[in-house]
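The values are calculated or read from the model by the stated rules, or taken from the named source; none is laboratory data. Every value quoted in this text rests on a predicted model; they were computed, and no experiment measured them. Every residue, glycine as well, gets a Cβ built from its backbone with ideal geometry; the counts of neighbours run over all protein chains shown. Side chains are part of the model used for accessible areas, which takes the heavy atoms of the whole protein and leaves out ligands, DNA and RNA. Shrake-Rupley method; radii C 1.70, N 1.55, O 1.52, S 1.80 Å.
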Amino acid sequence: MKKKILVTRSSMPDMQEYMEEIKELWETHWITNMGVKHKELQKQLTEYLSVENVDLLTNGHMALELTLQALKLSGEVITTPFTFASTTHAIVRNGLTPVFCDIDPVDFTMDVTKLEALITDRTCAIVPVHVYGNVCNIEEIERIAHKYDLRVVYDAAHTFGETYKGKGIGSFGDASCFSFHATKVFNTIEGGAVCYKDKELGERLYNLKNFGIRGPEMVESVGANAKMNEFSAAMGLCNLRHVDEEIAKRKHVVEQYRKRLDDVEGLQLNPIQENVKSNYAYFPVIFDEKVFGYTRNEVADKLAEHGVFSRKYFYPLTNTFDCFHGKFDVNETPVALHVSKRVLTLPLYADLSLEDVDRICDLIVDME
Ligand code: T4K
């Protein structure tokens, strides 16, 4: 069997570069609690992401969960089920009720034409997901949020470094939450960040990530612990130096996939969005078995037989999870259900060779 190809592979700097970056941690022995690496990464990311404020956290999930908590919400939150478990769990773990909006069949983000009908007098916020790095219909979401006085927290886990109409993607809504997990375009091993405008929200978020401690003898509020440590921040500083190059390499991989798969009947590829500077985070393909002749599962199995491990991001839908049994009606999100049963995300990472992309495409095009 040929070498194994997994759905993604963490970007890592040269080992020497990381060793240099962490060297001073052995001198100071200051390895967490908002140290120099944390401060420096925060500063550099504020600039790189073109946003007003950034706070760093242990992971993307805590970024979402604590941002919702910091907004002091109660009632219903409109979101989509075509996402990673984290989005829905962050809502539920805050004692809030998720209300699921269907997704757009082309870009898989919240279908804004169905959003307004879901608003009730209990609705307090919208949590849209820029899924696969596809940017939501920001204008419409913000128009509706403004009309009904709702908070907007974007799950921006997949959109590191993207811009919309030239503005940093993290600058929209009340807050945008990023994931810096090992599997993401930019990683700090584990990590996450919240971009926000309102300083008061920032203060509450900071308290929540650091036990509410504001000084050696002052605990202002009840909080958790979700601080990014210095080794993660150092990894971020190294990876940030190379991220543009990594995104450029991903672009080549995506272009090769498109060249090979664009004309294959029965395959729907991720859209190229106008006004968006993409980060090429994922390469999802929707397999229409009636036209293509094979189901998504058959394709996944064949790839796996040849050592290629694609993933069914995002199947199952979060509103069908066992932990929510009987709580939600999946038939209310028919497009999401349709897509989740047919989608396969193909391997994508900066160092995936174009020969490997060709091999994967050959296996798909030549299914028999
Ligand atoms: N919102 C959205 C929309 C998200 O997609 C996510 C996370 C979050 C919020 C929450 O952010 P975090 O709290 O995670 O920061 C992975 C990731 O763990 C998760 O971060 C990500 N979304 C989700 C879409 O994918 P798994 O369970 O599929 O990961 P795993 O361990 O199977 O890894 C996938 C592949 O990545 C492996 O086959 C190989 C490669 N890999 C993995 C690891 C762990 C590496 O190359 N290096 C590694 O260290 O969830």
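Points worth noting:
- Scan segment 1-15 for residues that are basic (Lys, Arg), surrounded by 10 or more Cβ atoms within 10 Å (Cβ to Cβ) and more than 14 Å from the ligand (Cβ to nearest atom) and the total you get is 0.
- Given (1) outside any helix (DSSP H, G or I); (2) within 19 Å of the chain's Cα centre (by Cα), index of the condition THR46 fails: (1)
- Per the conditions (1) open to solvent by 10 Å² or more (accessible area, probe 1.4 Å); (2) in a loop (DSSP other than H, G, I, E, B), the sole criterion not satisfied by LEU337 is (2).
- Residues of segment 134-162 that turn out to be open to solvent by less than 30 Å² (accessible area, probe 1.4 Å) and not aliphatic (A, V, I, L, M), as a count: 9
- Tally, over segment 267-284, of residues that are aliphatic (A, V, I, L, M) and within 16 Å of the ligand (Cβ to nearest atom): 1
- Among the residues of segment 279-293, those that are out of contact with any helix residue (DSSP H, G or I) (no Cβ under 6 Å at 6 or more places or on another chain) and buried (at least 18 other Cβ atoms within 10 Å of the Cβ) comprise VAL285, PHE292.
- Test: residue in segment 107-117 that is open to solvent by less than 10 Å² (accessible area, probe 1.4 Å) and in a helix (DSSP H, G or I): no
- Test for ALA182: is it in contact (Cβ under 8 Å) with a residue 60 or more places away in the chain and surrounded by fewer than 24 Cβ atoms within 10 Å (Cβ to Cβ): yes
- Residues satisfying the stated conditions in segment 63-87, i.e. out of contact with any Cys (no Cβ under 6 Å at 6 or more places or on another chain), within 17 Å of LEU115 (Cβ to Cβ) and within 12 Å of the ligand (Cβ to nearest atom): THR79, PRO81, PHE82, THR83, THR87
- Answer residue from segment 301-319, given it is touching a Leu at 6+ places or on another chain (Cβ under 8 Å) and within 20 Å of ALA85 (Cβ to Cβ) and is farthest from the ligand (Cβ to nearest atom) among those: LEU317
- Any hit, segment 179-197, residues being within 14 Å of the ligand (Cβ to nearest atom) and aromatic (Phe, Trp, Tyr): yes
- If you go through segment 294-325 and pick out every residue that is open to solvent by 50 Å² or more (accessible area, probe 1.4 Å), touching a residue at least 12 places away in the same chain (Cβ under 8 Å) and of a type outside the set (Phe, Trp, Tyr), you end up with 6.
- In segment 210-228, the residue that is nearest to the ligand (Cβ to nearest atom) out of those that are more than 20 Å from the chain's Cα centre (by Cα) and not in a loop (DSSP other than H, G, I, E, B) is ASN225.
- When every residue of segment 238-257 is checked against the conditions, at least one turns out to be over 20 Å from the mean Cα position of the chain (by Cα), within 19 Å of LEU56 (Cα to Cα) and open to solvent by less than 40 Å² (accessible area, probe 1.4 Å).
- Taking (1) surrounded by fewer than 19 Cβ atoms within 10 Å (Cβ to Cβ); (2) of a type in the set (S, T, N, Q); (3) under 18 Å from the mean Cα position of the chain (by Cα) in turn, THR28 satisfies each apart from (3).
- Residue within segment 60-72 that is open to solvent by less than 40 Å² (accessible area, probe 1.4 Å), out of contact with any Asp or Glu (no Cβ under 9 Å at 6 or more places or on another chain) and without any contact (Cβ under 8 Å) to a residue 60 or more places away in the chain present: yes
- The test for being within 13 Å of the ligand (Cβ to nearest atom) and at pLDDT 95 or above does not hold for PHE172.
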